[in-house]
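Report on the following structure.
The values are calculated or read from the model by the stated rules, or taken from the named source; none is laboratory data. All values reported here derive from a predicted model rather than from experimental measurement. Cβ: placed from backbone, ideal geometry, glycine included. Neighbour counts: every protein chain shown. The accessibility values were calculated without ligands, DNA or RNA, using every heavy atom of the protein model including side chains. Shrake-Rupley method; radii C 1.70, N 1.55, O 1.52, S 1.80 Å.
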Amino acid sequence: MPKAKGRNAFFFFMIDWKKRAEARGCTFPNGLKDVQADPDCNEEWQNLTKQERGPYEAQAKKDKITSQINANSKKTTHGECIQLLEQKEIEEQKFIEDMYEYLESTITRAVNHNVLPQLKFCFVHVNWFFTKLVDNVVEYFPAEYAVGVFSLENGIEDIHHTIVGVPIPLGYRREALETSQSTHNIPIECPGEESDFAIMYEKLTNFLKPRKIVDKYPPLYTTKSLKGAVQSLLATLCKAANQDEEQFLVYEIESLFKHLADEAYKKREDREIKYTKAYAEYTFTRFTHIYKRGNECIFHKYTDGGSEYCSKSVLHQWTWNMCEEFCNPLQVEMKSGVHYPEEADCSYKGMMQSMANLDIKREVSQQHRIRVSERSYEDEMRRRKESKPVLVIDYSKTKEASTTAKFTADSDESVDKAIDEPVSKPTDEPEQKSVPNYIFGKPMRPPNTVSYVAATMDDYLPKNDEKNFPPIGGRGVLYRKIKEKSRKAPMGRGQGHA
C-alpha cells in the first residue's frame with residue numbers, strides 16, 4: 001500500500017493565488033495546471049518571505065496529518081474517517097465546556113459588580129436561499145442576515161442588517177426560488193443589494209470592532225437550529241476576504257438564557273431553576289410576538305409575512321422574550337418599544353376602552369323606541385287605522401271562480417261574489433294544468449331524443465370483444481379472420497384417420 005502524502009505548501013499558495021487572479025478577470029481553463037505554469041505565480045512564490053509562507057506551510061502540515069489518519073484508520077459507510085469523527089466530537093464537547101465556562105464567569109463577574117443589566121450580547125439571525133452538501137457538511141447560501149447588540153437595560157441598541165444580492169450558482173435557482181417563496185420572500189439576485197462577500201465581511205467586522213474584548217470579537221449568539229447557518233455564513237465571508245473563520249465564536253442563545261435564569265430566577269417564585277434548560281429551549285420556539293409589525297427591515301415592511309421571517313424582526317422577538325423573563329427580577333423598568341412591543345394606536349386603544357365601559361341594558365323602553373324611530377307616534381297610529389287586514393283567498397274551494405273571476409282593486413264585491421258562487425259539476429275531461437304565459441312567448445326546447453343515425457351507429461363500428469379486439473403491435477391477425485379463413489381438406493391419411 002503506498003504511503004499517504006499530503007499536499008505541500010505551494011499547492012495551497014496556488015489555490016490562494018488563483019482566487020486573487022480570477023478576481024482580476026483572469027481565467028484558467030485547466031485549473032491548477034495553468035496556475036502552476038504561470039510565471040507570475042512562480043515568481044511571487046519565490047519572493048515570499050518565511051513569515052508569509054508560514055500560513056501555507058501550516059495548512060500543508062495539517063493536511064499531511066489528516067491524510068495519514070485517513071489512510072490508516074477505518075471509515076464509515078459514507079467514507080468518513082472514524083478517528084476524525086471521534087476527534088471532532090471531542091472538540092465539540094470541549095467547545096461546549098468553554099462556552100459554559102465563559103458564560104458563567106462573565107455573568108458572575110457582572111453580578112458582583114452590579115452591572116448585569118448593562119452587559120451587552122450580540123445576537124445573529126440568518127435566512128438562506130438553498131443548501132448543499134460539501135464533504136458531508138451542509139453549506140447555506142445566505143439571503144439575509146442581521147447582527148444586533150442587546151442588553152437588558154436598553155434592549156436592542158444597534159443592528160447591522162444586510163440583504164444578499166449575490167448571483168445564484170448554476171443548478172440551484174429553482175431551489176432558491178422555492179425557499180424564498182415559502183419563507184422570507186426575498187427575490188434572488190436582488191438588484192441594488194450587496195453582491196460582494198468580501199465587502200460584507202468588512203462591514204461586519206467594522207460593526208463588531210467597537211465591541212472587541214482584548215482584541216477578540218465578542219461571541220455571536222443564535223439558536224441551536226440556526227447555528228449551522230450562522231457558521232456557514234461566517235465561513236463564506238471569511239473565505240471571500242482570505243481571513244481565518246476561527247476568529248468568530250458562535251454560541252447558543254439557549255445557554256445564555258439558562259445562565260441568566262440561574263441568577264434571575266432566584267427572585268422569582270413562579271420559576272424553578274432545575275427546569276431552566278428545558279424552559280430555555282421552549283422560550284425561543286414561542287411565537288408570542290411573531291406578527292408584531294414595526295421592527296422589520298425596509299424590504300419586509302411592505303411584504304406579506306415580513307415580520308414573521310425578517311432577520312431584523314426576529315432579533316427583536318428574541319429580545320422581548322428575554323426581557324419578559326429577566327427585567328422584573330433584576331429591577332429593570334420595562335419600556336414600551338424597548339422591552340416589549342409598542343402599544344396599539346391611541347385612537348384604537350381609546351375606542352376599545354369606551355366599548356368596554358358601555359352599559360348595555362337588556363330592555364329598551366317604549367319612549368326610546370319612539371324617539372329613535374323614523375316615524376312619529378301619531379303617524380304610526382294613523383297608518384295602523386288606515387291599513388286594511390290581509391285578505392286570504394282559498395282557491396281550493398272553487399275552480400271556476402279562480403279562472404273566470406277577475407279581481408280588481410276597485411271594490412271587494414267581486415272577490416266576495418267569486419267566493420260565494422257554487423262549484424260546477426265535475427266532468428270526465430282531463431284537467432288542464434295552468435301554464436305560465438311566458439312559456440308561450442318562446443319556442444320550447446326540442447325533446448331529448450336520439451337521431452336514427454346516432455342510434456344505429458354501433459352497427460357500423462368494430463366490436464371490441466375477446467374475438468374482435470385488435471392486436472397490440474407486431475404481426476398479429478384478428479382472431480375473427482383466422483376463424484373465418486377457409487381451410488383445405490387434409491391430403492391422404494391424416495391424424496385421426498380410423
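Side notes on the structure shown:
- Within the stretch 158-191, the set of residues being under 30 Å from Arg211 (Cβ atoms) and among the small types (Gly, Ala, Ser) comprises just one member, Gly165.
- Whichever residue in the stretch 238-256 is of a type in the set (D, E, K, R) and either in contact with a Pro (Cβ under 7 Å, 6 or more places away or on another chain) or part of a helix (DSSP H, G or I) (or both) and, among such residues, is surrounded by the most Cβ atoms within 10 Å (Cβ to Cβ): Glu254
- Note on the stretch 280-291: among residues that are polar (S, T, N, Q) and touching a residue at least 12 places away in the same chain (Cβ under 8 Å), the one that is least open to solvent (accessible area, probe 1.4 Å) is Thr283.
- Within the stretch 29-55, the set of residues being part of a loop (DSSP other than H, G, I, E, B) and at pLDDT below 85 comprises Pro29, Asn30, Gly31.
- Pairs, first under 21 Å from Glu157 (Cα atoms) and open to solvent by 30 Å² or more (accessible area, probe 1.4 Å) in the stretch 297-313, second acidic (Asp, Glu) and at pLDDT 80 or above, C-beta under 6 Å, six or more apart: Lys312/Glu296
- You will find that of Arg271, Arg293, Arg286, the residue that is under 30 Å from Cys190 (Cα atoms), assigned to a loop (DSSP other than H, G, I, E, B) and not aliphatic (A, V, I, L, M) is Arg293 and no other.
- Pairs meeting the criteria (first residue in the stretch 259-279 and in the same structural domain as Glu101 (by the TED database), second residue polar (S, T, N, Q), beta carbons under 7 Å, at least 6 apart or on different chains) are Ala261/Thr276; Asp262/Thr276; Tyr265/Thr276.
- Residue within the stretch 226-238 that is out of contact with any Leu (no Cβ under 6 Å at 6 or more places or on another chain) and among the β-branched types (Val, Ile, Thr) present: yes
- Test result for Tyr302, touching a Pro at 6+ places or on another chain (Cβ under 7 Å) and either among the aromatic types (Phe, Trp, Tyr) or at pLDDT 90 or above (or both): no
- Where strands (runs of 3 or more DSSP E) fall wholly inside the stretch 121-237, the ranges with 3 or more residues that are open to solvent by less than 10 Å² (accessible area, probe 1.4 Å) and under 17 Å from Tyr309 (Cβ atoms) are 121-134, 137-151.
- Meets criteria (of a type outside the set (Val, Ile, Thr), open to solvent by 90 Å² or more (accessible area, probe 1.4 Å) and modelled with pLDDT of 85 or more) for Gln83: no
- Cβ separations smaller than 6 Å between residues 6+ apart or across chains give the following pairs from the stretch 43-65 residues that are acidic (Asp, Glu) to residues that are open to solvent by less than 90 Å² (accessible area, probe 1.4 Å): Glu57/Ala9; Asp63/Gly6.
- So Glu175, is it within 17 Å of the chain's Cα centre (by Cα) and farther than 27 Å from Asn321 by Cβ: yes
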